[in-house]
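Q: Dropping the structure in here first, questions after.
Quick note: the coordinates plus some simple rules give every number you see, no bench work behind them. This is a predicted model, so every value here is computed, not measured. Cβ: placed from backbone, ideal geometry, glycine included. Neighbour counts: every protein chain shown.
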Amino acid sequence: MNTQKREIRNPRLNRVFDDLVETLRDFIRQHNLTYEEYHRAIAFLAEAGEKGEIPLLMDVFLEVTVDDVDHHGWAGTATTVEGPYYVANAPELKSPCVVPHRAHEPGEALVFTGTVRSSDGSPLGGAVVDFWQADAEGRYSHFNIPQAEAPYNLRARVTTGPDGRFELQTWVPSPYEIPTAGPTGALIKALGGHPWRPAHLHVRLTHPGHATLTTQVFLADDPWIESDVVGAVKSSLIRGMTRVSDPAEMKRRGLNGPFHTLEYDFVLPRQMAKAA
């Protein structure tokens, strides 16, 4: 036992760190870990650090638990993980709008609509729907789509109308694999898991006087909906799409082929006043 006296400058840091170390020591004792296993664990973490995968490792195995704890007692629409692909300062657009996209964006168009309301039921005009998603090939702009090719592709900050409604035209996202070439992918494979995330839309909603909501809307019938590698799917966040093939509707929207619609309404709880 380390009996060295410490100058405690941050009581919470000391309490959390000491508890973490003791939990890990108990884990070592419980599983009778050997020196060989200990050194293999150190090598794994060192490799993850060298390859920049510590955030990925934490996102896959821990972020959903942090979200659940941080939003215990949350009164609005269910939250879920933000993930690693959020980019601040996306283009500001007013509803209805078409999000930034490439001239020949792959896949079929998707009209995403809904209403943002306060927890008392009143519509929140002027709410900002910060929106981002993967494309039809499972790629995100700023990450695995070059910015020069498509800056802020399928990203926007959309302001709701006075009735709290928003409408944005985007494209149907695809499920995708998290990176598998590094140590995180190797660990998932060794555990007998898979690296797939089901297709989803990301939103981060803000309005003055209300708590920020970060969540995802998942597409029903996705093959990975029951086994998201991140474990972020919640039943209340799953929605089905409706395919529209009416020529008049396609023409009205300036589309050359069928498109899909999806509607989801969001509720933001009022911001709790902080104690003096």
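Q: In the range 45-183, what is the volume of the convex hull around the alpha carbon atoms, normalised per residue and reported in Å³? Display every interim value, and only then the final one.
A: Values: hull volume 17.6 nm³, N = 139.
So the per-residue hull volume is 127 Å³.
Q: Find how much the distance from residue 50 to residue 87 grows on full extension, using 0.36 nm per residue of separation minus their present alpha carbon separation; answer in nm with one decimal.
A: 11.0 nm
Q: I would also like to ask the following. So for the range 17-109, what are the equivalent ellipsoid semi-axes in whole Å, largest first, each being the square root of 5 times an eigenvalue of the Cα gyration tensor?
A: After diagonalising the Cα gyration tensor, the semi-axes are 40, 21, 11 Å.
Q: Quick check: the distance between the Cα centres of the range 189-236 and the range 102-135, to the nearest angstrom?
A: A separation of 16 Å, based on Cα centres.
Q: Counting only trypsin sites (Lys or Arg not before Pro) that sit in a DSSP loop (anything but H, G, I, E, B) with at most 12 other Cβ atoms within 10 Å, what is the longest stretch of the chain containing none of them? Could you put the intermediate results ahead of the total?
A: Working: sites that count: 5, 6, 9, 274.
Here the longest segment lacking exposed loop sites spans 10-273.
Q: Expressed in nm², what is the orientationally averaged projection area of the convex hull enclosing the Cα positions of the range 69-268?
A: Working: hull surface 49.3 nm².
Over all viewing directions, the range 69-268 projects a mean Cα-hull area of 12.3 nm².
Q: Just to confirm the filter: which chymotrypsin sites (Phe, Trp or Tyr not before Pro) across the range 94-180 are DSSP coil and have at most 15 other Cβ within 10 angstrom of their Cβ?
A: Numbers: sites: 112, 131, 132, 140, 143, 152, 166, 171, 176; in loops: 140, 143, 152.
In loop regions of the range 94-180 (DSSP not H, G, I, E or B), the sparsely surrounded chymotrypsin sites (Phe, Trp or Tyr not before Pro) are 143.
Q: Ratio of alpha-carbon Rg to the 2.2 N^0.38 Å globular estimate for the range 164-276, to two decimals, please. Mind dumping the intermediate values first?
A: Numbers: Rg = 18.4 Å, N = 113, 2.2 N^0.38 = 13.3 Å.
Normalised Rg, Cα atoms only: 1.39.
Q: Quick check: the angle from helix 35-50's long axis to the longest principal axis of the chain, C-alpha only, nearest 10 degrees?
A: In the chain, helix 35-50 runs at an angle near 40 degrees to the longest axis.
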